[in-house]
Amino acid sequence: MSSTSNVAGSVASTNGTTASTAKKQGRGAKVVGWADERLGLATAAKKNLRKVFPDHWSFMLGEIALWSFVVLLITGVFLTFWFKPSMAEVQYFGSYSELNGMHMSEAFKSTLDISFDVRGGLMVRQMHHWAAMLFIAAMLVHMARVFLTGAFRKPREINWIIGGVLILLGIVEGFAGYSLPDDLLSGTGLRIADGMVKSTPVVGTYMSFFMFGGEFPGDVIVPRLYMAHILLIPGLILALIAAHMLLLVYHKHTQWPGPGRTEENVVGFPMLPVYMAKAGGFFFIVFGTCALMGGLLTINPVWKYGPYDPSKVTAGSQPDWYMGIAEGMLRIMPPWETHLWGHTLSWNIFVPGEVLPIVLLAMVLAWPFLEAWVTGDKREHHLLQRPRNAPVRTAFLVAMMSLYGLLWAAGGNDVLAVLFHLNLNHITYFMRGAVFIIPVLVFIFTKRWCISLQRHDNEKLLHGYETGIIMRSPEGGYSERHLPISEESAYTLTARDRDEIYVQGSDVDENGVAAPGGKLAGLRAKLSLGMFGDNVQKPTAEELEEGHHHAEEEHALEAGLDHSADGHQFDGRHEVEGEALRGGH
Amino acid sequence: MSENHDAESSNNLPAPIEEPIANPGLAPHKPRPTDIDPRAERRAERQVAAFFIASMVCAVLFCVAYFTLDIKDETDTFIGLGASNVALGATLGLALMFIGIGIIHWARKLMGDVEISEQRHPAASSEEDREATLAALSAGLEESGIGRRPLIRNTMIGALGFVGLPLIVGLRDLGPLPGKKLERTVWKKDTRIVRDVTGTPVRPEQLEVGDLMNAQPEGLVTPHSEEIEKEGHSRGVEYLEGVDLQVEKSKSSVILLRMEPKDQTFSKRSPENWSVNGIVAFSKICTHVGCPISLNEQQSHHLLCPCHQSTFDLADGGRVVFGPAARPLPQLPLKISEDGYLVAQSGFLEPVGPSYWERDSE
Ligand code: HEM
Ligand code: FES
């Protein structure tokens, strides 16, 4: 491999004058020496300073989440200087004249003060809120990336779980923050949360009374949520992010397969300087984006909603988008309630509000273990899979995304009704059926699509790619001319596992006796067949040989037309993978 | 991927990929213009510096905007955003962005762009390390004697369990016990109904057919007119404030609606004598999860909750006609007092608001 010579080359090719480096090193070495004599960090740093990070745009998603959390910490601390987490009633006399004389909680008043009397306060409040949106959105997309590429497989299952818990904490943290200003919308959100808590069988009423320090709304929920919002949950998030990053460094990042990239190595840029510069620079871009949004895009204009009043509500009241699915489930649930022996059990609230979110999260967290059990695969995986090469997994996520989208739409059914002049009741009835039917259709469609993409890959490997040049044969028939793809592209396409379908009783124990495989073996065999049975496997070496042979014959017939007709495969750094995106060559 | 990877040691090895095409190895590095052309290199250097300078300019502009632009009542200026807010956001945003763009430009154009390769190691420790750890662990446990002394072990586990009790019991004072609080509101016999905003009592003839009014029990709204307040005090009305007021508003708020008596459907849970000349009063608190209900469909006497669109028919005992709410809205029995105002015959006969476990009524 050429990598060793490349390492040497990298030193030579860095720019900069030798003289100044030498001088700096002298001073730098002194500082390092001073620190190392006390901390002894050089042993760890020696390995990590030049640690290799592979490069791909999708690896940036987690970084967006990380940096937006840092932005949240910075802007959040700024807000704490002025925010007063108190529900004591005060009368407002401030710069926002429209609310002058109104009675409101101190929390709401201090939010108005931050918005209208602290210079830059409104910008920071809006930055904080936008960064919160970005944080949760980036985590979700990052999670989808990890799922689709199989990056959660051994040895990274624990990081997958940490990530799932981070999303949950992020959503709870966002809800707590949304509730702090004590405006009409946040109070309505709390009212709904109270209703959901109360629906918990047996202990619900007690939970509600302990949360709110008595009957809703009480006067302690904002201070309590404040503690959770600025100390408890950020602390947990910080600890989990630290664990997430440590595991990332320990496992080393996954990479896409390709020439020179194997399960045993990791190819990319060194931490110092390139990765550090790119990641550090990216922090400023995320921070700057939040600042621009905070200055230019209004979010949560609480002064328009007014202070919370339990007897008031606005039409079209919507929670922040990440609560959308809970909201959607709550809205389309049929009105089921059971009265038994003097007790009330509200399925209509308890199921969508508490049971389903937990079930959904558990399903997501359990997936790596489910998949590993079905495949029986106990090896480590460091090369990513293209989504198409795991059709069932991909289809599952896309189906889940369609469910998410539907519930989200259901959560805004009133907005949809107004927007498209539809009947609200019809939308709801439609959604009640759609959440069961559409994800299934999406699943089937996505799986088919993946498999046809796999087939297309094999076509490319065996017959080359379609050039778009139509040939007319001496007999008058028309055909499209195919050209072979480059060796690198061909290698990249074949660098994946063959799926093996588990057959019940196929396991053999040490003595060579067939092992029945336990009670669940039948289920496992069925799942395995379902997950991998339809997949298209890559061609074997012989099939490839034959394919090339065939292509050469065809080529001889087409002699006269040269490669100059199409140059895509030779255009330098361009990889064949991208070709599919360009409409399939 | 079948079970033949079972042998302990091979478990942690990465999956070898069966390769029909041999791995061609890392592609040779292609130099960038900045690697070979000194002019391109200097140009890139100047560009990076320009970004950093632009950032400094923006940071200074931020300070200028901070001290020169007024923020009072911001929303009036500059498309509702406020001049100061826009200027501060734009200058800070650009100051940060330019640093980021500068650094990334530097990394892409001038820092080494040679990909290097590093070996991976299995996540698991070496076999020896693992054995040494297990040996240390069992030696430690052996020396503690925890296995040999079940009495100590079991009492310790017991003690650790019991120490959990103070932690849980300590949370008891987070709030009072529910008791019957959720079943009560301030409504009782002869409580006057007052307008939500002004706090004035309501006479039946003040409502036209089709009128909808947000109302409260007297005592929840401090009347705008001091005379009425004084008169209220003279009858012993207490005006609530602070938490008590908020709690009571979240339970006692009602809606008054006047309709043609012929449109009404009466039933056991909504008898005829609970309404006055087609005027009915219902709890305003949704029986789903407790939002205040507000949207009225004029012709149908339907009332819609804006939170999850449960719809209630006020002409038919508050029946749920649509949506996730499972129970009708509780109705407040009305009558006319001797001095001609609308008052309650009694309090609500069932708890208002969302369901809860101890709720004992259909
Ligand atoms: C995961 C991280 C976080 C998320 C998702 C988040 C989210 C939110 C949201 C959505 C709001 C409502 C903002 C508004 O008024 O429109 C908020 C308010 C607030 N947050 Fe955070 N936040 C996070 C971390 C923090 C941290 C670390 C602090 C402080 C150290 C903090 C301090 C505050 C304060 C003081 C408010 C009230 C400000 C106001 O209402 O004007 N937040 N947060
Ligand atoms: S609170 Fe009224 S429908 Fe949910």
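Quick notes on this one:
- When each of B:LEU349, B:LEU329 is tested for being closer than 26 Å to B:LYS180 by Cα, buried (at least 23 other Cβ atoms within 10 Å of the Cβ) and touching a strand residue (DSSP E or B) at 6+ places or on another chain (Cβ under 9 Å), the lone residue that passes is B:LEU329.
- Candidates A:MET276, A:MET207 - the one that is under 30 Å from B:CYS286 (Cα atoms) and part of a helix (DSSP H, G or I): A:MET207
- Residue in region A:56-64 that is within 30 Å of A:HIS253 (Cα to Cα), more than 9 Å from ligand 1 (Cβ to nearest atom) and part of a loop (DSSP other than H, G, I, E, B) present: yes
- For A:ASP117: the one exception among (1) more than 18 Å from B:VAL86 (Cβ to Cβ); (2) within 13 Å of another protein chain (Cβ to nearest Cβ); (3) more than 9 Å from ligand 1 (Cβ to nearest atom); (4) of a type outside the set (Val, Ile, Thr): (1)
- Residue count for region A:290-299 under the criterion of being open to solvent by 10 Å² or more (accessible area, probe 1.4 Å) and either touching a residue at least 40 places away in the same chain (Cβ under 8 Å) or closer than 24 Å to B:PRO122 by Cα (or both): the result is 4.
- The residues on offer are A:VAL266, A:VAL202, and the sole one that is at the interface with chain B (Cβ under 7 Å from one of its Cβ atoms), more than 30 Å from B:PHE51 (Cα to Cα), over 27 Å from the mean Cα position of the chain (by Cα) and not in a helix (DSSP H, G or I) is A:VAL202.
- Index of the failed condition, A:VAL222 passing every other in (1) open to solvent by less than 20 Å² (accessible area, probe 1.4 Å); (2) more than 24 Å from the chain's Cα centre (by Cα); (3) at the interface with chain B (Cβ under 7 Å from one of its Cβ atoms): (3)
- Taking the listed residues A:TRP82, A:TRP67, the one that is in a loop (DSSP other than H, G, I, E, B) and under 35 Å from the mean Cα position of the chain (by Cα) is A:TRP82, with no other qualifying.
- Scan of region A:84-93 for residues that are over 22 Å from B:HIS224 (Cβ atoms) and surrounded by 17 or more Cβ atoms within 10 Å (Cβ to Cβ), ordered by number: A:LYS84, A:PRO85, A:SER86, A:MET87
- Top-ranked residue in region A:270-281 [being open to solvent by 30 Å² or more (accessible area, probe 1.4 Å) and within 7 Å of chain B (Cβ to nearest Cβ); ranked as modelled with the highest pLDDT]: A:LYS278
- The residues of region B:321-351 that are within 11 Å of chain A (Cβ to nearest Cβ) and touching a Gly at 6+ places or on another chain (Cβ under 7 Å) amount to a single one, B:PRO328.
- Filtered residue count, region B:201-218, keeping only those that are surrounded by fewer than 20 Cβ atoms within 10 Å (Cβ to Cβ), touching a Ser or Thr at 6+ places or on another chain (Cβ under 8 Å) and more than 14 Å from every other protein chain (Cβ to nearest Cβ): 0
- Residue match in region A:196-213 (condition: within 16 Å of ligand 1 (Cβ to nearest atom), open to solvent by 10 Å² or more (accessible area, probe 1.4 Å) and either over 23 Å from B:ASP173 (Cβ atoms) or not aromatic (Phe, Trp, Tyr) (or both)): no
- Residue in region B:334-353 that is within 13 Å of ligand 2 (Cβ to nearest atom), in a loop (DSSP other than H, G, I, E, B) and not aromatic (Phe, Trp, Tyr) present: yes
The values are calculated or read from the model by the stated rules, or taken from the named source; none is laboratory data. None of these values were measured; they are calculated from a predicted model. All Cβ positions, glycine included, derive from the backbone under ideal geometry; neighbour counts span all protein chains shown. Heavy atoms of the whole protein, side chains included, go into the accessibility calculation; ligands, DNA and RNA do not. Shrake-Rupley method; radii C 1.70, N 1.55, O 1.52, S 1.80 Å.
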